[in-house]
Every structure is written in structure tokens, then in C-alpha cells.
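Each value in this text was obtained by applying a stated rule to the coordinates, not by laboratory testing. This is a predicted model, so every value here is computed, not measured. No Cβ is skipped: glycine too gets one built from the backbone with ideal geometry, and neighbour counts run over all protein chains shown.
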Amino acid sequence: RVSQPGVSKQLRILKEGGMVSVRRDGRRRLYSVRGDPLREATRWLGFYAPFWEGRLTRMDGLLAAEGPRKRAKRR
């Protein structure tokens, strides 16, 4: 679950990045996804996807071969 402040923070980040637009409707704010920036991001990710997929697949194999590790204790 995501808290309301967490959602607000993510929406603010998306707005600052130009990914969404916002308009006021009384006390509410209505957010809309902006298509152009998402298409650009999809194009960029598509260009690099083959590069990362191969490396991530190899890393997955190495980690599986290594076996489970104990988690470090958090302070």
C-alpha cells in the first residue's frame, strides 16, 4: 500500500518531469498523463532494452548459480 503523502510525492515528481499535467477542480487536483513524454521514454527504453536484457539474464544466471545469501543485518 502507498500512503497519500507517498502518492502526492510521486505525482509531484511526474509533474515536474512533464509526464503528467494537472488542473484544479474545486478542492481537487485532476492529473492527466501526457502522451508525448511517455512515447519518448518508451522509444529510449526500447533502444537500450536489448543491451540490458542480455546482461540482466546473465546476472540472473550468476546469482542463481551462487545460491542464496544471508541478508546483512540492518542497523
Test: residue in segment 28-38 that is polar (S, T, N, Q) and in contact with a strand residue (DSSP E or B) (Cβ under 7 Å, 6 or more places away or on another chain): yes
The one condition in (1) part of a helix (DSSP H, G or I); (2) under 17 Å from the mean Cα position of the chain (by Cα) that ASP60 fails to fulfil: (2)
Residue in segment 42-58 that is farthest from MET19 (Cα to Cα), counting only those that are loosely packed, with under 10 Cβ neighbours inside 10 Å and aromatic (Phe, Trp, Tyr): PHE51
Count of residues meeting criterion [among the β-branched types (Val, Ile, Thr), within 17 Å of the chain's Cα centre (by Cα) and surrounded by 11 or more Cβ atoms within 10 Å (Cβ to Cβ)] in segment 20-41: 1
